[in-house]
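All remarks here apply to the structure that follows.
The values are calculated or read from the model by the stated rules, or taken from the named source; none is laboratory data. Values in this document were obtained by computation on a predicted structure and should not be read as measured data. Cβ: placed from backbone, ideal geometry, glycine included. Neighbour counts: every protein chain shown.
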Amino acid sequence: MDKIVIEGGVPLTGEVVISGAKNAALPILAATLLAPGEHRLFNVPPLADIRTFTRLLGKLGVRFQNGDHLTVDTSRLDCYEAPYELVKTMRAAVLVLGPLVARAHRARVSLPGGCAIGARPINLHLKGLEAMGVKITLKEGYVEADARGLHGAEIMLEIPTVTGTENLMMAATLAQGTTVIKNAAMEPEVADLAGFLTALGAKIEGIGTEVLTIHGVSQLTPAPYSIMADRIEAGTYLAAAAITKGQVTLTNAPVEHLTAVIDKFTEAGVRLTTDANRITVHPGGTLTGVDVRTLPYPGFPTDMQAQFMALMCVARGAAVITETIFENRFMHVSELKRLGADISVSGNHAVVRGRRHLQGAPVMATDLRASASLVIAGLAAQGTTEVHRIYHLDRGYARLTEKLSTLGARIRRMPV
Ligand code: EPU
């Protein structure tokens, strides 16, 4: 297993290209199951989670070819099961449930367990499918779905769940009749999936809003599609540039999806300019503690909470960070404290009192975004920071050490 070693204190400078979005690529890969044939997907990020997902689709009979784009051949469907071994390593595997129900009228998908950031049940995915006439049985840790009577339904989600909205929207594309999903997640990745489904021939109204209306069609056909850019990767590089007081331009950045993040960074004193699909961080601002509350889109994303906290660790004054999406997403706090951060947690609030400096130390990554926050803090800390368990980072950040090295960071990956 590798670790990342960072010598902190170097202002980042230069340009970094933002990759395709993990959380759009995963549901879009799942959605290829809905249209038998050969799909061409562009801008698929090179990530461990994508490799795990293609392994899962491979088990179902899907064939892949990798070149300047990813060719996905879904002509064959040999089975309809997502086994525990794969779901336990990546809960997004549950995204095959909706497409399998729609195409094969049956599915057997392992129930994901809890994970480092919260319990993360899938009850709302299952309740929505039941409303659509799917018979759900829980047996030996698996969800067994019999969808011979799949039909449209009116579904009111209690929580605007992202993958839940995606599963139900995918199932609805081939269901008999019309499905209305109210309180749907409005995350741009849901809209990107809807864009892909529309390209396949699905009939969806209300894309990007909290009410999605899907008119079922009898079949979908493959179409080429380019995955949107990753707003969380972009936000992570903004934080890395700001904490090192560097000058960095992000290209291929999804500026329009980063409004809440850009607003918070600006409020905290980070000097940013944007144009079309570029964002530049300029040095010279004074970082100030500002409060932030995570919310469903278009609010401040929970997937940027840990990285923003790292920034607040060296800001002037105090910041209260409130996590409202996941019940256990402060695992990075104790590791940031090892770098000298002053943070106290009470329930879902973290009070961060900015320090002039952080000090390098060995730290351990606990989940994907927590790991990113430790790298960001390490880039600013005096001395050497070693980040262990970096397989979390490989799941969601394309060529992280290469991209940061190109920006001048003293960072390397080495065996433990
Ligand atoms: N929830 C339920 N029941 C459900 C579904 C969700 O109670 O049936 C709760 C969850 O426990 C959580 C809240 O609803 O408290 C929101 O969870 P959501 O379902 O929206 O999260 P998700 O779909 O499992 C996706 C992303 C996450 C991101 C969240 C929130 C993917 C593959 N994953 O997860 O990404 O944090 O939405 O925006 O899209 C990451 O990339 O690091 C990551 C964790």
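Within segment 334-361, the residues that satisfy the criterion of being of a type outside the set (Lys, Arg) and free of Cβ contacts under 8 Å to residues at least 12 places away in the same chain are SER334, SER344, SER346, GLY347.
Scanning segment 23-45 for residues that are within 17 Å of ARG231 (Cα to Cα) and crowded, with 21+ Cβ neighbours inside 10 Å turns up ASN23, ALA24, ALA25, LEU26, PRO27, ILE28, VAL44, PRO45.
Restricting VAL162, VAL109 to residues that are buried (at least 18 other Cβ atoms within 10 Å of the Cβ) and more than 17 Å from LEU56 (Cβ to Cβ) narrows the list to VAL162.
State yes or no: is ARG395 assigned to a helix (DSSP H, G or I) and modelled with pLDDT under 95? Yes: the conditions hold for ARG395. Evaluate segment 43-50: report whether one residue or more is away from the ligand (no atom under 16 Å from the Cβ) and closer than 21 Å to HIS105 by Cα. Taking every residue of segment 43-50 in turn, none turns out to be away from the ligand (no atom under 16 Å from the Cβ) and closer than 21 Å to HIS105 by Cα. Applying the criterion of being assigned to a loop (DSSP other than H, G, I, E, B) and under 19 Å from the mean Cα position of the chain (by Cα) to the residues of segment 46-80, the residue that is surrounded by the most Cβ atoms within 10 Å (Cβ to Cβ) is LEU47.
Determine whether segment 1-9 contains at least one residue that is modelled with pLDDT of 95 or more, within 16 Å of the ligand (Cβ to nearest atom) and of a type in the set (Lys, Arg). There is no residue in segment 1-9 that is modelled with pLDDT of 95 or more, within 16 Å of the ligand (Cβ to nearest atom) and of a type in the set (Lys, Arg). Of the residues making up segment 353-367, those that are among the β-branched types (Val, Ile, Thr) and in contact with a Gly (Cβ under 7 Å, 6 or more places away or on another chain) number 0.
Any chance you could count how many residues in segment 151-181 are near the ligand (Cβ under 10 Å from one of its atoms) and under 20 Å from the mean Cα position of the chain (by Cα)?
Of all residues in segment 151-181, those near the ligand (Cβ under 10 Å from one of its atoms) come to 157-167.
Subset that is under 20 Å from the mean Cα position of the chain (by Cα): 159-167.
Going through segment 151-181 one residue at a time, the tally reaches 9.
Only residues that are more than 16 Å from the ligand (Cβ to nearest atom), surrounded by 22 or more Cβ atoms within 10 Å (Cβ to Cβ) and outside any loop (DSSP other than H, G, I, E, B) were counted in segment 358-392, giving 7.
Inside segment 320-333, residues that are assigned to a helix (DSSP H, G or I) and in contact (Cβ under 8 Å) with a residue 60 or more places away in the chain make up a count of 0.
Of all residues in segment 338-355, those that are among the small types (Gly, Ala, Ser) and not in a loop (DSSP other than H, G, I, E, B) total 3.
The rows are residues; the columns are (1) crowded, with 17+ Cβ neighbours inside 10 Å; (2) under 20 Å from the mean Cα position of the chain (by Cα).
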residue: ALA102; (1), (2): yes, no
residue: HIS125; (1), (2): yes, yes
residue: MET132; (1), (2): yes, no
residue: GLY141; (1), (2): no, no
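Selection of segment 120-150 for residues being closer than 14 Å to VAL109 by Cα and near the ligand (Cβ under 10 Å from one of its atoms) yields PRO121, ILE122, ASN123, HIS125, LEU126. Check segment 274-283 and report whether any residue there is under 29 Å from THR163 (Cβ atoms) and surrounded by 16 or more Cβ atoms within 10 Å (Cβ to Cβ). Yes, because at least one residue in segment 274-283 is under 29 Å from THR163 (Cβ atoms) and surrounded by 16 or more Cβ atoms within 10 Å (Cβ to Cβ).
Are there any strands (runs of 3 or more DSSP E) wholly within segment 96-187 with 2 or more residues that are in contact with a Pro (Cβ under 9 Å, 6 or more places away or on another chain) and touching a residue at least 40 places away in the same chain (Cβ under 8 Å), and if so which? No strands (runs of 3 or more DSSP E) qualify here. Restricting attention to segment 398-416, and to residues there that are under 25 Å from LEU287 (Cα atoms) and assigned to a strand (DSSP E or B), which single residue is nearest to the chain's Cα centre (by Cα)? It comes out as ILE411.
Filtering segment 1-40 to residues that are over 25 Å from LYS245 (Cα atoms), of a type outside the set (Gly, Ala, Ser) and under 18 Å from the mean Cα position of the chain (by Cα) leaves LYS22, ASN23, LEU26, PRO27, ILE28, LEU29.
Do we have any residue at all in segment 325-335 that's more than 23 Å from ALA361 (Cα to Cα) and touching a Ser or Thr at 6+ places or on another chain (Cβ under 8 Å)? Among the residues of segment 325-335, at least one is more than 23 Å from ALA361 (Cα to Cα) and touching a Ser or Thr at 6+ places or on another chain (Cβ under 8 Å), which makes the answer yes.
Restricting THR173, THR137, THR178, THR165 to those that are more than 16 Å from HIS215 (Cα to Cα), at pLDDT 95 or above and hydroxyl-bearing (Ser, Thr, Tyr) reduces the list to THR137.
Answer yes if at least one residue in segment 187-206 is within 14 Å of the ligand (Cβ to nearest atom), over 26 Å from PRO46 (Cβ atoms) and surrounded by fewer than 20 Cβ atoms within 10 Å (Cβ to Cβ), and no otherwise. Looking through segment 187-206, none of the residues is within 14 Å of the ligand (Cβ to nearest atom), over 26 Å from PRO46 (Cβ atoms) and surrounded by fewer than 20 Cβ atoms within 10 Å (Cβ to Cβ).
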